[in-house]
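Here's the structure, in structure tokens; my notes come after.
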Amino acid sequence: MKHSKSLIKFLLLVIIITGWACKVTEPPQTEENKLQITVHDIGVKEVYLNIQTEISSSNSTLALQRNGKEIVTFSPISDTLIVDTTAEQGNTYKYKLVLNKEGRQISESNEIELTTLNPTSNDYNWQIIEFEGYDPACFQDVAIVNENDIWAVGEVDQYNPDGTYDWQPYGAAHYDGNSWKLVKVPYRVETHPEWPGLINAAFSANGYLFFSTLGSLLIKNGDTWKELGYFVSGTVFTGQVAAIWSPDAENIYCVGGSGSIYYCTVYGWMKLNSGTSSNITDIYGFKDPATGKYTAYMAVLPPSYAGDGQILRITEKTKVDTVSWEPRHYIYSLWTKKGFPMYAGGVGLYANSGGKWKEFPEFHNEIINKIRGTGLNDIYAVGSKISHYNGIEWKTFDQLSLPYGVYNSVAVTENKIVAVGWSGNKAIIIVGSRY
């Protein structure tokens, strides 16, 4: 059997993927045991398994057993991801690898036990919050520090009590566990050292809250804001920040216009070479708890808004390369829990859960501005609508559709979703609490 860096299907039972982005690091193995199987991720009807082998014999085969029964055989491949697509929801399974040579078993791997997920609920209590100003108002992003500390960011211009214009806009709205209140966030700009203005992106990691203006990164420090990076340089600045991601609140990434990637720490910041001049519109990643290493993925918007989109990847803190995005369509957002499977959208919504990108037909030509999730059975996509994937199917909440507006972003926890955007001339926040 010939193997290459491609997708191989066995009777529609198991998908074997080689050469994918994720790779598990394990301790060195002994000569007696050169087989290792670990859990990569678990869905409702899919199980993702990492397989590592150090088998050199050309006459040997590997068999994957589930609950003691063989479900697939294949030639040994090192660092392989196998997807069992025949699992059923809420069931417990035991998996093991067996090495056979010339018709007899010569070795076996460790055995792992796991339980597949159940679908998450689509039952929510919904709350709608709106803010109106003398100019059209809009929220661009949202971050959940905890369920009693939520921040929507954008720009809302309001009147003073005497009816005159307040020229210092509100850049955020804050929920303190009781109510939402508009907040001004002052920051440095060239002509005004401390001037409240637009906040373009937000992210929370390990209890810390980060905001970005179009040209700087701020961290909340008590009731004040501290600047971690000021990115504006030259008379013409095209590197405006569009999104933030951080694995641990110590390493922070801002991405944006003209292929800009800013890597920030408490000690300073540096600009990474993205290899593109197109706008980077989203960033999201994951941290391996076993190794402490993290990987981030970025959506690159094509200049034509029609084709040649890209997905970039950051590894080793500052190394940037690309990963497969065969549709090459307009891409605006992406989400992954552990690097694979991955979801991406812009015009239409796609998933790579079996080695190739496939479009969800119900989202064909739908605008997708942001994708976020808590697990493979709890994923949200927002644009003109709010939709939820429970691990089996997508549900769109039609009552929340915006005929004269759009949702720009979404943040989620296990039992809460907060989507933000604009509707008409109002900035809008939708809060869904699962019951």
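The values are calculated or read from the model by the stated rules, or taken from the named source; none is laboratory data. For clarity, every value in this text was computed on a predicted model and none was experimentally measured. Because the Cβ atoms are built from the backbone with ideal geometry, glycine has one as well, and the counts that use them run over all protein chains shown.
Quick notes
- Residue count for the range 341-379, restricted to those that are assigned to a loop (DSSP other than H, G, I, E, B), buried (at least 20 other Cβ atoms within 10 Å of the Cβ) and at pLDDT 95 or above: 3
- Of the set (1) closer than 30 Å to Val431 by Cα; (2) among the acidic types (Asp, Glu); (3) more than 32 Å from the chain's Cα centre (by Cα), all apply to Glu54 but (1).
- Hits in the range 41-62 (condition: modelled with pLDDT under 95 and either in a loop (DSSP other than H, G, I, E, B) or surrounded by fewer than 18 Cβ atoms within 10 Å (Cβ to Cβ) (or both)): Glu54, Ile55, Ser56, Ser57, Ser58, Asn59, Ser60, Thr61
- All told, Asn415 meets the bar of being touching a Ser or Thr at 6+ places or on another chain (Cβ under 8 Å), surrounded by fewer than 23 Cβ atoms within 10 Å (Cβ to Cβ) and in the same structural domain as Ala201 (by TED's automatic domain parsing).
- For Phe131, the conditions (1) touching a strand residue (DSSP E or B) at 6+ places or on another chain (Cβ under 9 Å); (2) not assigned by TED's automatic domain parsing to the domain that holds Tyr159 are fulfilled apart from (2).
- Under the condition of being part of a loop (DSSP other than H, G, I, E, B), farther than 18 Å from Val232 by Cα and either in contact with a Ser or Thr (Cβ under 6 Å, 6 or more places away or on another chain) or among the charged types (D, E, K, R) (or both), the residues counted in the range 266-291 number 2.
- Scanning the range 301-313 turns up no residue that is farther than 30 Å from Lys226 by Cβ and of a type in the set (Lys, Arg).
- Failed item, numbered, when Asn365 is tested on (1) on the phi < 0 side of the Ramachandran plot; (2) more than 16 Å from the chain's Cα centre (by Cα); (3) without any contact (Cβ under 8 Å) to a residue 24 or more places away in the chain: (1)
- Options Glu102, Glu88; residue that is of a type in the set (D, E, K, R) and under 26 Å from Ile392 (Cα atoms): Glu88
- Applying the criterion of being hydrophobic (A, V, I, L, M, F, W, C) and within 12 Å of Arg188 (Cβ to Cβ) to the residues of the range 215-227, the residue that is surrounded by the fewest Cβ atoms within 10 Å (Cβ to Cβ) is Trp225.
- Some residue of the range 158-173 being surrounded by fewer than 21 Cβ atoms within 10 Å (Cβ to Cβ), assigned to a strand (DSSP E or B), in contact (Cβ under 8 Å) with a residue 12 or more places away in the chain and not aromatic (Phe, Trp, Tyr): no
Okay, residues lined up against (1) among the small types (Gly, Ala, Ser); (2) farther than 15 Å from Tyr253 by Cβ:
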| site | (1), (2) |
| --- | --- |
| Lys181 | no, yes |
| Arg188 | no, yes |
| Pro193 | no, yes |
| Pro196 | no, yes |
| Asn200 | no, no |
| Gly207 | yes, yes |
| Phe210 | no, no |
| Gly215 | yes, yes |
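- Unique match (being under 27 Å from Lys416 (Cα atoms), in contact with a Ser or Thr (Cβ under 8 Å, 6 or more places away or on another chain), surrounded by fewer than 19 Cβ atoms within 10 Å (Cβ to Cβ) and acidic (Asp, Glu)) among Glu132, Glu147: Glu147
- Exactly one residue out of Ala201, Ala243, Ala205 is surrounded by fewer than 21 Cβ atoms within 10 Å (Cβ to Cβ) and either touching a Ser or Thr at 6+ places or on another chain (Cβ under 8 Å) or among the polar types (S, T, N, Q) (or both), and it is Ala205.
- All positions within the range 354-393 that are more than 26 Å from Phe203 (Cα to Cα) and of a type in the set (A, V, I, L, M, F, W, C): Trp357, Phe360, Phe363, Ile392
- The range 63-98, subset in a strand (DSSP E or B) and acidic (Asp, Glu), residue farthest from Thr115 (Cα to Cα): Glu70
- In the range 190-212, of all residues being more than 20 Å from the chain's Cα centre (by Cα) and in contact (Cβ under 8 Å) with a residue 40 or more places away in the chain, the one that is farthest from Ala172 (Cα to Cα) corresponds to Glu190.
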